[in-house]
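Single-structure report; data block below.
The values are calculated or read from the model by the stated rules, or taken from the named source; none is laboratory data. As the structure is a prediction and not an experimental result, all values here were calculated from the model. Using ideal geometry, Cβ is built from the backbone for each residue, glycine included, and neighbour counts are taken over all protein chains shown. Calculation scope for accessible area: heavy atoms of the full protein, side chains included, ligands and nucleic acids excluded. Shrake-Rupley method; radii C 1.70, N 1.55, O 1.52, S 1.80 Å.
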Amino acid sequence: PDRHPDLAMANRTDPSAVTVHGTNPQYLVEKILRTKIYNHPYWKEHCFGLTAETLLDKAVKLQSIGGTYGGARQPTDFICLVLKMLQISPERDIILELITNETHKYVRALAAFYMRLTGSAADVFAFIEPLFNDYRKLRTRTAEGSYAMTHMDEFAAQLLDGDANYACDIALPVLPKREALETGGIIEGPRYSVLEEEIEEALAAEAAEAAILFAKKEAEAAEAKINRDAERALAKSQQARAPPPPPNRPREGDGYDNRFENRFENRYRDGGRGRSRSPQRRGFRHEQQFENRRGPSPDRRRSSSRSPRSRSPPYRGGGGAGRESPRRRGGDSSRSRSPRVDRPPRRSGSRSRSPSPLGERPPRRSG
């Protein structure tokens, strides 16, 4: 015998309830979850002896939606009332009245969830799809025990998702695709959304803006083409009026490098020499040629006699007629020198003087 026959009677399904999907309505909730709900204080205190009329008072006081939470996976008040509705099986008109209620959002969510569990596919799409236009916020109790924010249209989309297997920790019955129901004639026509008009207006405005932008770009491209043609015509006319370049010399700015031309001009200006010389270099050359004509100076003779690099023996003076002076390193080897004039031998102690091309110098007059 049962120790608590009153509790066992309280957990039984109403005899007047109609089977749902070929089974007991309470069996839509798993055995483990049903046991937790039966042992929960909220079920024992607030759900005992509820009817379809008094259930509304409890539903109005709901503050959140969800399945179980916490480490012990305790059931929420929302899921306890769902099981109570499955137990008493309220009439269809009461469920439709609750689901169309726009004053209490949690009452509407409770009725929508009950419709998803027990209603047919046509009723589910017919009465839950209008919730897509409800954007009110809903508090959801998470598995960790905290709260998260969601919206009524998101909750409705979760219920109508054919790929979703669970919602609020309860396995949802299989729901056919809407396209299949439309093809079978169970649902008439596609779903109409109140946002379709706004979407069409937004698409029309976007298309008009795109057309205006395209026309503007076309006008800019045409104007740019006209400007380019005008610039080309002006350039051709100026090129036709310009005088032709000289035949032997290319024009400046055509990539012609005139370094070779300047090189030949410098060569002709320098008197035919193969390389240009600075004024200092030219002056040194003329001075050297003059010294070769008149003979080396005494200082250079002395330095040449002492230098070990001299090619010929030092000049001693004297000698017969026709004897040539030694050639210096810097002189011109291609030019012959004039013969030296004989002079008397040098006296001892007297300073050597450079020979004169006119012969012996006259003595100085005493003053």
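Observations on the structure shown:
- Pairwise Cα distances in region 24-142 exceed 22 Å for 31 percent of all pairs.
- Portion, in percent, of the accessible area of region 1-92 that falls on carbon or sulfur, probe 1.4 Å: 55 percent
- In terms of accessible area, using a 1.4 Å probe and ignoring ligands and nucleic acids, H21, H151, H40 rank largest first as H21, H151, H40.
- The residues of region 81-194 have, on average, 49 Å² of accessible surface per residue, using a 1.4 Å probe with all protein chains present.
- Net charge of Cβ neighbours under 13 Å - reference Y147; Lys, Arg +1; Asp, Glu -1: +2
- Label positions at A10 and H151, each projected 7 Å from the Cα along the C-beta direction, are separated by 4.1 nm.
- The Rg/Rh ratio for region 83-151, using Cα coordinates for both the radius of gyration and the Kirkwood hydrodynamic radius, is 0.99.
- Using the Cβ of I212 as centre and a radius below 12 Å, the other residues enclosed give a net charge of -1, where K and R count +1 and D and E count -1.
- The amide H of I187, built 1.01 Å from its N in the peptide plane, has E182 as neighbours under 5 Å, considering only residues 5 or more places off or on other chains.
- Protection proxy ranking, peptides 103-114, 154-165, average beta carbon neighbours within 10 Å, highest first: 103-114, 154-165
- Rounded to the nearest Hz, the phi-derived 3J(HN,Hα) couplings of region 164-173 under the Karplus curve 6.51 cos²θ - 1.76 cosθ + 1.60 (θ = phi - 60°) are 7, 9, 10, 8, 6, 6, 10, 6, 8, x, where x marks glycine and proline.
- A probe of 1.4 angstrom, applied to the heavy atoms of all protein chains, finds S146 with accessible area near 60 square angstrom.
- D169 - accessible surface, heavy atoms, 1.4 Å probe, Å² rounded to 10: 70 Å²
- Backbone amide hydrogens, once placed in the peptide plane, bring I65 within less than 5 Å of R139, T140, R141, excluding anything fewer than 5 places away on its chain.
- Rounded to the nearest Hz, the phi-derived 3J(HN,Hα) couplings of region 76-92 under the Karplus curve 6.51 cos²θ - 1.76 cosθ + 1.60 (θ = phi - 60°) are 7, 5, 4, 6, 5, 5, 5, 5, 5, 5, 5, 6, 8, 6, x, 5, 5, where x marks glycine and proline.
- Among residues other than L175 with Cβ under 12 Å from its Cβ, the summed charge is 0 (Lys and Arg +1, Asp and Glu -1).
- As a rough guide to protection, the peptides 86-99, 227-240, 179-192 ranked by mean Cβ packing within 10 Å, highest first, stand as 86-99, 179-192, 227-240.
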